1. Sort out which residues of the stretch A:294-312 are surrounded by 18 or more Cβ atoms within 10 Å (Cβ to Cβ) and either closer than 20 Å to B:Val61 by Cβ or touching a residue at least 24 places away in the same chain (Cβ under 8 Å) (or both), and write them in order of number.
2. Go through the stretch A:131-144 and give me each residue that's buried (at least 18 other Cβ atoms within 10 Å of the Cβ) and polar (S, T, N, Q).
3. Considering the stretch A:261-293 alone, what residues qualify as being surrounded by fewer than 20 Cβ atoms within 10 Å (Cβ to Cβ) and either within 7 Å of chain B (Cβ to nearest Cβ) or not in a loop (DSSP other than H, G, I, E, B) (or both)?
4. Of all residues in the stretch A:101-134, which are within 24 Å of the chain's Cα centre (by Cα) and away from chain B (no Cβ under 14 Å)?
5. Given (1) in contact with a Leu (Cβ under 6 Å, 6 or more places away or on another chain); (2) at pLDDT 95 or above, where does A:Ser270 come up short, assuming only one miss?
6. Across the stretch A:184-236, what is the number of residues that are over 12 Å from the mean Cα position of the chain (by Cα), acidic (Asp, Glu) and either part of a helix (DSSP H, G or I) or buried (at least 24 other Cβ atoms within 10 Å of the Cβ) (or both)?
7. Give A:Asp108, A:Asp73, A:Asp78 a once-over and let me know the one that is in contact with a strand residue (DSSP E or B) (Cβ under 7 Å, 6 or more places away or on another chain), modelled with pLDDT of 95 or more and more than 21 Å from B:Thr249 (Cβ to Cβ).
8. When the residues of the stretch A:335-352 are filtered to those that are assigned to a loop (DSSP other than H, G, I, E, B) and more than 10 Å from chain B (Cβ to nearest Cβ), which remaining residue is surrounded by the most Cβ atoms within 10 Å (Cβ to Cβ)?
There are 2 protein chains.
Amino acid sequence: MRIDDLDTPCVVIDLDRVDRNLRRFQTYCDDNGLANRPHVKTHKIPEFARRQVALGAGGIVCQKLGEAEVMADAGLDDILIPYNLVGAHKLRRAVALARRVTLSLTCDSEATAEGLSAAFDQAGLTVALSVECDTGAKRCGVQSPAEAAALARRIDALPGLTFAGLMTYPSPGSQHEVQAFLTEAVAECAAAGLRADVVSNGGSPDMWTAHTVAAATEHRAGTYIYYDRSMVAFGAASLDDCALRVRATVVSRPTADRVIVDAGSKTISSDIINTEGHCTVLEYPAARLSKLSEEHGHLDFSGESVRPAIGEILTIVPNHACAVSNLHDVVHGVVGDDVERSYPVAARGRVV
Amino acid sequence: MRIDDLDTPCVVIDLDRVDRNLRRFQTYCDDNGLANRPHVKTHKIPEFARRQVALGAGGIVCQKLGEAEVMADAGLDDILIPYNLVGAHKLRRAVALARRVTLSLTCDSEATAEGLSAAFDQAGLTVALSVECDTGAKRCGVQSPAEAAALARRIDALPGLTFAGLMTYPSPGSQHEVQAFLTEAVAECAAAGLRADVVSNGGSPDMWTAHTVAAATEHRAGTYIYYDRSMVAFGAASLDDCALRVRATVVSRPTADRVIVDAGSKTISSDIINTEGHCTVLEYPAARLSKLSEEHGHLDFSGESVRPAIGEILTIVPNHACAVSNLHDVVHGVVGDDVERSYPVAARGRVV
């Protein structure tokens, strides 16, 4: 099947670019002595997770239990869930998952640690638990190295838990602050007699300077398999590296400059990350996606000299590849203009 | 099952509110002599579409063929697709759909009309086709009443097509312009000897003043089944009318004012429509959802006096109910605190 035979809108994944992207960051990690632990949220496809492991990744990251369960079903056997698991349902599922894969978890509070402790201890299991540190991203995480060490001590004291180390999801461009926080937290843990064997840093925007956070033992990047427009804006990739594209058909040309395509927010998501506008059209780089409604993309062609005809198919690089993956049941793997195979996005929609 | 037994994040639909919302707008349409043709994109659930028809809706609206096919499978038999269908795949599917339901379509160009004509004529069928008019929303649609009449004449001349009338998706607050455009377009069609039997207006923001567009014979509203925060902002509903809610658990309390819940953009979507911020938390109305990452909602509680504990479940009214429906495989119908049944969101993810 040829790429032109696919109905639109659809998501195509350039498999050569995927391979190149995966190898390049694995090599970077290997060269810098960093364990590569890819976040599968970007692709949500077990085959790609297996490929990442085959190329050298030590294990994978899933943000939700539901994603981890899909990956475990597909044979992935070393999974980190860097998310505060709270509530009876999730504790039950975490225990069940730990019986079949090497599971590691994180927490940022005593309340979460105590819940995990009770569940795993009651099951006669022990789970590796790291402390999440807020090194500046202002999301989850303990607020200081001293708090990190205090929570580490609490974890160490609780049954059913083994203190594993530290984890952070950093703010882009903050390597210096991340390094300072983690170094001090490792030292404070050591002063309490606790070794942080795993110090897990993350994020794709700063993936190529991950080695400057010398305290880290591993890096969690997700988007590096596909990249996207936001990663181009962050300087982590070129537009040519972007392996995920949305193909959309021009369905209306109501005015001289307005071009409407059949891909809207339901197809490419309304996420805006570090970018102006919603996408880049490869064939018409000066076209500006000025607005998205659910099923329509509104393109302003005032900056372009040529206009596409109704029926013409455009190739769109979206802002946020992870969000696009989550919107589609299936993506199509292509090599050049040939569709090699389709991939069910098996872990799509796993909100729990 | 009780609502508290549902794991989070999850979407709950208050069935009493659904019923009240459906009846109220049906009554409004009946009282004003408007045909009610609900847009199923908001719920994407055949059971709710059937309920809308049982209460008096003449037929339904689907924005994509894939949604229409799901609804046809479920027995819905009068479907309007107000979308320019372009390309061989879609024309084939449209013909197949027309063989089993009463299908009507719209177009805004000769190119689209000619494609439909060729496909339906070759199949030995005739399809009802309206002209889409851009009455100010600046999306699809012919730009003037004269263009509408010209396209109507072209439709009338092409085999496989019957000119059915006019359709518009208006800009909020533009009833006067919509009425002027449609009235003139109807007159220009009449002058060409063509009767616009169906004049279809749409949109939920102005649903309660739909009768002021006297030229319209029917109204297409979608969100009125659930409403959402954007409809509250438009003044079309109260917060209490909102039947779709997202339940989310507090998973982190890293600082005095920061509360992180387990519902992010993957759960409530990052759509912002006519609103500031992303949601309202019913239990803490002064809490401000300041940021969404994929799996985390970042709440600023600086305006609240009380803070929820880790593990507490919050009830969120999102900005855009339609986008939320599209993100979930299942929603849970509740009456009070009882979960009556779960509904697969059967038409979710039908991008094509």
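The values are calculated or read from the model by the stated rules, or taken from the named source; none is laboratory data. Quick caveat: nothing in here was measured; it's all calculated off a predicted structure. In this analysis, Cβ positions are derived from the backbone assuming ideal geometry, glycine residues included, and neighbour counts consider all displayed protein chains.
1. Pass one, the stretch A:294-312, residues surrounded by 18 or more Cβ atoms within 10 Å (Cβ to Cβ): A:294-299, A:301, A:304, A:308, A:310.
Correct list: A:Glu294, A:Glu295, A:His296, A:Gly297, A:His298, A:Leu299, A:Phe301, A:Pro308, A:Ile310.
2. Once the filter is applied, which keeps residues that are buried (at least 18 other Cβ atoms within 10 Å of the Cβ) and polar (S, T, N, Q), the stretch A:131-144 yields only A:Thr135.
3. A:Ser290, A:Lys291, A:Ser293
4. Let us first name the residues in the stretch A:101-134 that are within 24 Å of the chain's Cα centre (by Cα), namely A:101-109, A:112, A:127-134.
Once the filter is applied, which keeps residues that are within 24 Å of the chain's Cα centre (by Cα) and away from chain B (no Cβ under 14 Å), the stretch A:101-134 yields A:Val101, A:Thr102, A:Leu103, A:Ser104, A:Val127, A:Ala128, A:Leu129, A:Ser130.
5. (2)
6. The number of residues fulfilling the criteria is 2.
7. Numbers: A:Asp108 fails: more than 21 Å from B:Thr249 (Cβ to Cβ); A:Asp73 fails: in contact with a strand residue (DSSP E or B) (Cβ under 7 Å, 6 or more places away or on another chain).
Checking each option against the conditions leaves just A:Asp78.
8. A:Ala347
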